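**Q** Mind having a look at this structure? Questions to follow.
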Amino acid sequence: MKAVLFVAENLYGPRFWVPFFTQLKAETGAKVYCLAPSFAHVNDYRKYDVVDNIFAIDDVLASYGNFAGDYDDEAVGLAREFEDKYSAHLFDVIQGDRHLGRGTYYLGHHHPQSRNSKQNSFGRSIRYIHHLAERLDDLCTKNDVGTFITSGVGSDFTKVMCIIARKHGIDIRTLFSARMGQYFTWYQDEYFSHPALVDCFEKMRAAGVVANESGQKPRNNKANVAVWNKSMRHNRLGFALKQAIVFTINEVRFFLVSNIKYRDKPKFNRYLLSDRIRHLFRIPKQWKDLNRRVTPLNEIENRNYAYYALQVEPETSTTVLAPEFNNQIAIIDLISKSLPADTMFVIKEHLPAIGRRPDDFYEWLSQIPNVRLAPPAGDGPTLARNAAVVIALTGSVGVEAAGDGVPVVSFGRHNAYNVIGHVHPVENLFSVRELLRTLLRGNAHNSESVRAQYRNEGQLFLRALREVSFDIGDDILYHGDPAIPVRVETVDGLLSLLIEFSSHLAKPRKARAEARAKASAQS
């Protein structure tokens, strides 16, 4: 039985992973190894018997500044060696990291900087990534790893680990939200690909299944929007001052602890305090600037419009999920120039992105003749539902719109929902103008009968998504309270799903039922 290697991060934490791997080991007998990016994560799991070994890589992650920064023949040779060995694009690792990829996310220009982002250089990044790959490759080879488990790729080492896993035939399983209600599923790479979902959907479509699930909707963010809107209206500047004080106190505490208690440990690459405080005060400024330029919803809802929901930069949703093309400036420019003159282009800001944008960004948007800025606290799913066409990069807006029967132009080549008939993946930028004209002119795509057909297919995709996911109900996985354990039903449901989709952990149904009964009796 090949071993399982998981990333010890804080998204779900020991409250989920400990009971999950306890049950996995009882049912499959697999060894479980922990990949710890820092000594803090080592401490999180060392006290539990479930982990067979912990591999700390904090020394590698803290070594970035030790490498030469010259882009010379040595760096070029290492880059070629990496790309040839793993059949991967090294720059995808760089752009997928908020520190190494600074400069690749123009719309996140004012994201706080760190020590690594201040001293980053192409030559240094190449040497660092090559060194990191050697460590992780050696770890996987020596320990016979068959499955790599993570909760997403938001850093250089998880991206490199996925590249190495593909090279060695190691299963990649990413546990993340299915973007529908409280459903979670296991994606099969860092791009959130899901072959089982596509297969399920295509089989149901070929069989002529009618979804009949008009009430099934993707997740909605109304509660979060309400909280953000309230905080902006009520003394946001005061909130920034309070947070600045909290940041300063925490930074002093961290400095003392790391230099006294953990002085022999590698140092974290933390965001600079001055940059974090500066970002706090940029938020109310940009919020005010944006709201001066918005168009009221009642002036939008009865118009013919294309809709685009901006995404946060830097963020996994752009730099990792769509590495081939994730330039939102280019998307806005292309779409605004390609729309028929009778169609407005409605753009809505993503609330967490406010404060990170360039200083004149909203002014630039408002000066594009056919662009209208929607209120940032407006209901995004409703704007998408009423649009003539939705423009999507990645994220949930595409599947929300497709589920409602709205045609989607998809710039993300890895989006699972690209298989839906009324979703149009962009393969050629020069084809976008004619595509938009076809979608927006005449009744070919806008009649009620056609929209009903689209809606059924979109709902069929959501049904397939439910088939390959598990509803965790009232459980909270993301950053949940450590004192509140995850329900047994959630652990069992997600484990069943993992084993079903795994090539290395698969076990006959009868043998698995017997193992589960034995584990239950022991507990």
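The values are calculated or read from the model by the stated rules, or taken from the named source; none is laboratory data. For clarity, every value in this text was computed on a predicted model and none was experimentally measured. For neighbour counting, all protein chains shown are included, and Cβ atoms are generated from backbone atoms with ideal geometry for every residue, glycine included.
**Q** Give the residue, chosen from G405, G421, that is in a loop (DSSP other than H, G, I, E, B) and out of contact with any His (no Cβ under 9 Å at 6 or more places or on another chain).
**A** Answer to the selection: G421.
**Q** Then there's this: Suppose we filter the range 38-57 for residues that are under 21 Å from I170 (Cβ atoms) and surrounded by fewer than 21 Cβ atoms within 10 Å (Cβ to Cβ); how many remain?
**A** 8
**Q** N143 passes all but one of (1) touching a residue at least 60 places away in the same chain (Cβ under 8 Å); (2) buried (at least 21 other Cβ atoms within 10 Å of the Cβ); which number fails?
**A** That leaves (2) as the condition not met.
Residues are listed down the side, and each one gets a yes or a no for (1) on the phi < 0 side of the Ramachandran plot; (2) touching a Gly at 6+ places or on another chain (Cβ under 8 Å); (3) modelled with pLDDT of 95 or more:
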site	(1), (2), (3)
S431	yes, no, yes
R441	yes, no, no
H445	yes, no, no
A452	yes, yes, no
R455	yes, yes, no
Q459	yes, yes, no
D471	yes, yes, yes
A483	yes, no, no
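**Q** Still on this structure, I have one more. Out of (1) in contact with a Ser or Thr (Cβ under 6 Å, 6 or more places away or on another chain); (2) in a helix (DSSP H, G or I), the odd one out for T394 is which?
**A** Condition (2) is where T394 drops out.
**Q** Could you please find all residues in the range 342-359 being at pLDDT 95 or above and out of contact with any Leu (no Cβ under 9 Å at 6 or more places or on another chain)?
**A** M344
**Q** Please give the number of the condition V371 fails out of (1) over 21 Å from the mean Cα position of the chain (by Cα); (2) at pLDDT below 95; (3) not acidic (D, E).
**A** (2)
**Q** Across the range 244-277, what is the number of residues that are free of Cβ contacts under 8 Å to residues at least 12 places away in the same chain and either within 28 Å of the chain's Cα centre (by Cα) or outside any loop (DSSP other than H, G, I, E, B) (or both)?
**A** Qualifying residue count for the region: 13.
**Q** Identify all residues within the range 192-207 that are part of a loop (DSSP other than H, G, I, E, B) and either closer than 25 Å to V153 by Cα or touching a residue at least 60 places away in the same chain (Cβ under 8 Å) (or both); write none if there are none.
**A** Scanning the range 192-207 gives F192, S193, H194.
**Q** Only one of these is buried (at least 18 other Cβ atoms within 10 Å of the Cβ), without any contact (Cβ under 8 Å) to a residue 40 or more places away in the chain and within 26 Å of the chain's Cα centre (by Cα): I283, I332. Name it.
**A** Only one candidate passes the filter, namely I332.
**Q** Restricting to the range 322-345, name every residue that is aromatic (F, W, Y) and closer than 26 Å to G152 by Cβ.
**A** The one that is aromatic (F, W, Y) and closer than 26 Å to G152 by Cβ: F325.
**Q** Taking the condition of being charged (D, E, K, R), surrounded by 14 or more Cβ atoms within 10 Å (Cβ to Cβ) and modelled with pLDDT of 55 or more, how many residues in the range 203-216 meet it?
**A** 1
**Q** If I ask for residues that are aliphatic (A, V, I, L, M) and exposed (fewer than 12 other Cβ atoms within 10 Å of the Cβ), which ones from the range 241-256 would you list?
**A** Answer for the range 241-256, where residues must be aliphatic (A, V, I, L, M) and exposed (fewer than 12 other Cβ atoms within 10 Å of the Cβ): I245, V246, I249, V252, L256.
**Q** Kindly indicate whether W287 is in contact with a Lys or Arg (Cβ under 8 Å, 6 or more places away or on another chain) and more than 26 Å from G96 (Cβ to Cβ).
**A** Considered against the rule, which asks whether it is in contact with a Lys or Arg (Cβ under 8 Å, 6 or more places away or on another chain) and more than 26 Å from G96 (Cβ to Cβ), W287 comes out as yes.
**Q** Moving on. Pick out the one residue from E427, E434 that is surrounded by fewer than 17 Cβ atoms within 10 Å (Cβ to Cβ), not assigned by TED's automatic domain parsing to the domain that holds Y12 and not in a helix (DSSP H, G or I).
**A** It is E427.
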